[in-house]
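Novice: Have a look at the structure that comes next, please.
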Amino acid sequence: MSLNRSQAEAVRHINGPMLVLAGPGSGKTSVITERTKQLIASQGIDPSHILVITFTKAAASEMKERFFRLMGGKNYPVTFGTFHAVFFHILKHAYGFHGGNIIREEQRFQFMKEIIQKMHLEYQDENEFAGDLLGEISLMKNTGISLEHYYSKNCGKEIFEQIYRNYDSRMKQSRLIDFDDMLVYCYELFDQRKDILSAWQRKYQYILIDEFQDINRLQFDIVKMLALPENNLFVVGDDDQSIYRFRGAKPELMLGFEEAYPKAGRVLLDINYRSCPAVVESSLRLISHNAERFDKKIQPGICQAGQDNRQGVKYFLWENQKEEGKAIIEQILKDCREGDSYNDCAVLFRTNTQPRLFMSQLMAYNIPFRTRDNIPNLYEHWITRDILTYIRLAQGSRARKDFLQIMNRPNRYITRESLEEDTIALDVWAEYFYDKKQHWVAERIEQLEGDLRVLSRTGPFAAINYIRMGIGYEEFLKTYAQYRRISEDNLLEVLEELQDGAKEFCTYEEWFAHMEEYTKELQRQKKQQEMLSECVSLATLHSAKGLEYKRVHIIDVNEELMPYKKAVLDADLQEERRMFYVGVTRAKENLYIHSVKKYNGREVDVSRFVEEMQAQAAE
């Protein structure tokens, strides 16, 4: 293939460390495969001494296939693999591990659930709590933070330490390892057994790493050991696309590469062959507001003269999400009438809860779509279950399980032992506490009975409002968030979204029918989406990384969402900007930026990122 000047410079590099700054659409995969070919064909390097590391199995497979075609369909024993695959291969040789030693995801969750059940910890959603704890354990391992110095976001320090030790003990007893253990064990192996390290250093004399901006400290420490003594380390990445800080990845590692290797070369792949000039220019205006980055001057590969006048960047401000979704659907249908495929379009968002309304609109228009993330069903959230339980009781249910669900949400200090029968009579239940001289509890049951009478006479929107404010459910959520050390905003957002959606329905019957229909359609979509040959892609900014589309819509570009409300520190704000930059640079021809005046019924401001894209950064 034909290489441009900077690509050719990178490919010609042979010995010693090299940093390749590869912006969006700059041909980094071609540079890695061409350089691998160069090492073999021009320098006579034994292909078995070359290691190419990627971050995903899909990227490793694509890289291997591209290299295979580049070499004329001939197989060469170059190692292509993810960090985890490479490190596990090393551990197999050292410890005799095999595939059966790798814990399955469902096993990890099962171990954690059993631990928290035995410790009798309080939680509302077991899967969510277990997932949060496993995420914290993963972060600890990847960042090298010791248990003694780690403070959990989900529970007290002593409780977390007990959970961690129980989980670690269970894993060792079962002789199982997870993906994070592969890094920890490999580092320890190399650190303690210099003879084994030396053997692998002789094996992998030339190391190439893709997406280097996503590396974490532990991975980099292992790679640095492996690359010694020659340091033939060729790293390719874009610090402006480093968006996995929550997993331990830090752009500082890439920014500090030349400090770690003072003799390293540096090349900038400075042509974006993907996006039209307007997208390239807008994205550079945006990202230039980040202070901690390599300064880059990126040129569009498509000249201005070759740009179709329909291409470019457009900004919209809608009244609410419903209007926003309707306008996007109209644009998609218009594009398809003019020759587009559904596959040409992607709709991107910051969090996986944002597209729920838009998905229901797509369903209403029978537009096929594929979600690249797990989009949780709002109507299956534990908060929704609580609200629906109150309404069921208001409609006459007297099932014990329903009372157990909500009797202490908010806390009424009612004991489970007071509910002996499968069917509960409220007057008998109150009498139970009067007999025990606990009048204040009895009075709360009588108050609950009165609340249920109020709910029986209202519609869905008013009912949620009354449960929130009149019954005190919102205050319960705030207390629960404080106890669990989680953001109350995330819980209140579920309530707000549920209440905002309920506006559309006058009666409980209509609302329940909608929920049932939506859930069935969502299940049908999930089953069908792998078989769809044509569909609109829905993705978070995280999962859109590495992809490209003819037309990209980014929704809800508002403060508190982009940047996300949790981004308070400057480092977090810069990460949010990088994330938005990733979304913007997925677009080839058209980029549509959508903001709303009201989000889930609340007034919101247009994101600062919109202004940054439209104006030069201050000098």
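The values are calculated or read from the model by the stated rules, or taken from the named source; none is laboratory data. Because the structure is a prediction, the values reported are computed rather than measured. Counting neighbours? That spans all protein chains shown, and the Cβs are built from the backbone with ideal geometry, glycine included.
Novice: Applying the selection to region 395-421, what residues are surrounded by fewer than 20 Cβ atoms within 10 Å (Cβ to Cβ), touching a helix residue (DSSP H, G or I) at 6+ places or on another chain (Cβ under 6 Å) and part of a helix (DSSP H, G or I)?
Specialist: D402, Q405, S418
Novice: Being closer than 28 Å to K322 by Cβ, of a type outside the set (V, I, T) and in contact with a Lys or Arg (Cβ under 6 Å, 6 or more places away or on another chain) is the requirement here; does E474 meet it?
Specialist: When the stated conditions are applied, E474 passes them.
Novice: Another question, if that's okay. Can you tell me which condition F55 does not meet? The list is (1) in the same structural domain as N166 (by the TED database); (2) closer than 27 Å to K545 by Cα; (3) aromatic (F, W, Y), and all the others hold.
Specialist: (1)
Novice: Just checking, which of L208, L253, L269 is outside the structural domain of I554 (by the TED database), crowded, with 19+ Cβ neighbours inside 10 Å, of a type outside the set (F, W, Y) and over 30 Å from D570 (Cα atoms)?
Specialist: From the options L208, L253, L269, the qualifying one is L208.
Novice: On to the next question. Name every residue in region 511-534 that is in contact with a helix residue (DSSP H, G or I) (Cβ under 7 Å, 6 or more places away or on another chain) and either among the basic types (K, R) or without any contact (Cβ under 8 Å) to a residue 60 or more places away in the chain (or both), in order of residue number.
Specialist: Listed by number, the list holds a single entry, W511.
Novice: Of all residues in region 422-441, which are assigned to a helix (DSSP H, G or I) and among the hydroxyl-bearing types (S, T, Y)?
Specialist: Across region 422-441, the qualifying residues are Y432, Y434.
Novice: Here is a list: L426, L452. Which entry is modelled with pLDDT of 85 or more and among the aliphatic types (A, V, I, L, M)?
Specialist: L452
Novice: Could we say that I445 is β-branched (V, I, T) and outside any helix (DSSP H, G or I) here?
Specialist: no
Novice: What about D132, is it free of Cβ contacts under 8 Å to residues at least 12 places away in the same chain and within 30 Å of L253 (Cα to Cα)?
Specialist: no
Every residue, every condition in (1) within 16 Å of the chain's Cα centre (by Cα); (2) at pLDDT 95 or above; (3) more than 16 Å from R356 (Cα to Cα), yes or no:
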position: L522; (1), (2), (3): no, no, no
position: N558; (1), (2), (3): no, yes, yes
position: Y581; (1), (2), (3): yes, yes, yes
position: S607; (1), (2), (3): no, yes, yes
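Novice: Quick one: is I32 at pLDDT 95 or above, within 27 Å of L284 (Cβ to Cβ), in the same structural domain as L208 (by the TED database) and under 28 Å from the mean Cα position of the chain (by Cα)?
Specialist: For I32, the condition - at pLDDT 95 or above, within 27 Å of L284 (Cβ to Cβ), in the same structural domain as L208 (by the TED database) and under 28 Å from the mean Cα position of the chain (by Cα) - is met.
Novice: Moving to a separate point now. Here's a check for you: in region 343-361, which residue that is in contact with a strand residue (DSSP E or B) (Cβ under 6 Å, 6 or more places away or on another chain) and surrounded by fewer than 23 Cβ atoms within 10 Å (Cβ to Cβ) is nearest to H514 (Cα to Cα)?
Specialist: N352
Novice: In addition: Quick one: which helices (runs of 4 or more DSSP H) lie wholly within region 459-568 and hold at least 3 residues that are touching a Gly at 6+ places or on another chain (Cβ under 8 Å)?
Specialist: 488-502
Novice: Another question, then. Test each condition in (1) of a type in the set (A, V, I, L, M); (2) surrounded by fewer than 23 Cβ atoms within 10 Å (Cβ to Cβ); (3) out of contact with any Asp or Glu (no Cβ under 9 Å at 6 or more places or on another chain) for I215 and report the one that comes out false.
Specialist: (2)
Novice: I'm told V280 meets every condition in (1) under 21 Å from V610 (Cα atoms); (2) surrounded by fewer than 20 Cβ atoms within 10 Å (Cβ to Cβ) except one. Can you identify the failing condition by its number?
Specialist: (2)
Novice: If you don't mind, another one. Take the conditions among the aliphatic types (A, V, I, L, M), at pLDDT below 95, in contact with an Asp or Glu (Cβ under 8 Å, 6 or more places away or on another chain) and buried (at least 20 other Cβ atoms within 10 Å of the Cβ) and apply them to I287. Does it pass?
Specialist: Taking the combined requirement at face value, the residue does not satisfy it.
Novice: Something else about it: Could you say whether any residue in region 574-595 is more than 24 Å from Q213 (Cα to Cα), surrounded by 16 or more Cβ atoms within 10 Å (Cβ to Cβ) and among the basic types (K, R)?
Specialist: Checking region 574-595: not a single residue is more than 24 Å from Q213 (Cα to Cα), surrounded by 16 or more Cβ atoms within 10 Å (Cβ to Cβ) and among the basic types (K, R).
Novice: Same structure again: Output the number of the condition that K478 fails; it satisfies all remaining conditions of (1) under 17 Å from R385 (Cα atoms); (2) modelled with pLDDT of 90 or more.
Specialist: Result: K478 fails condition (1) only.
Novice: Hey, another quick one. Within the bounds of region 377-394, is there any residue that is buried (at least 20 other Cβ atoms within 10 Å of the Cβ), touching a residue at least 12 places away in the same chain (Cβ under 8 Å) and part of a loop (DSSP other than H, G, I, E, B)?
Specialist: yes
Novice: Here's a follow-up. In this structure, is T79 in the same structural domain as D195 (by the TED database), under 32 Å from the mean Cα position of the chain (by Cα) and modelled with pLDDT under 95?
Specialist: No.
Novice: Quick check: anything in region 30-46 among the aliphatic types (A, V, I, L, M), surrounded by fewer than 22 Cβ atoms within 10 Å (Cβ to Cβ) and in contact with a Ser or Thr (Cβ under 8 Å, 6 or more places away or on another chain)?
Specialist: No - not one qualifying residue is present in region 30-46.
Novice: Could you check how many residues of region 428-442 are closer than 21 Å to T389 by Cα and loosely packed, with under 15 Cβ neighbours inside 10 Å?
Specialist: Residues meeting the conditions: 1.
Novice: From the set of residues in region 302-319 that are modelled with pLDDT under 80, among the hydrophobic types (A, V, I, L, M, F, W, C) and not in a helix (DSSP H, G or I), which is nearest to the chain's Cα centre (by Cα)?
Specialist: Within region 302-319, the match that is nearest to the chain's Cα centre (by Cα) is I302.
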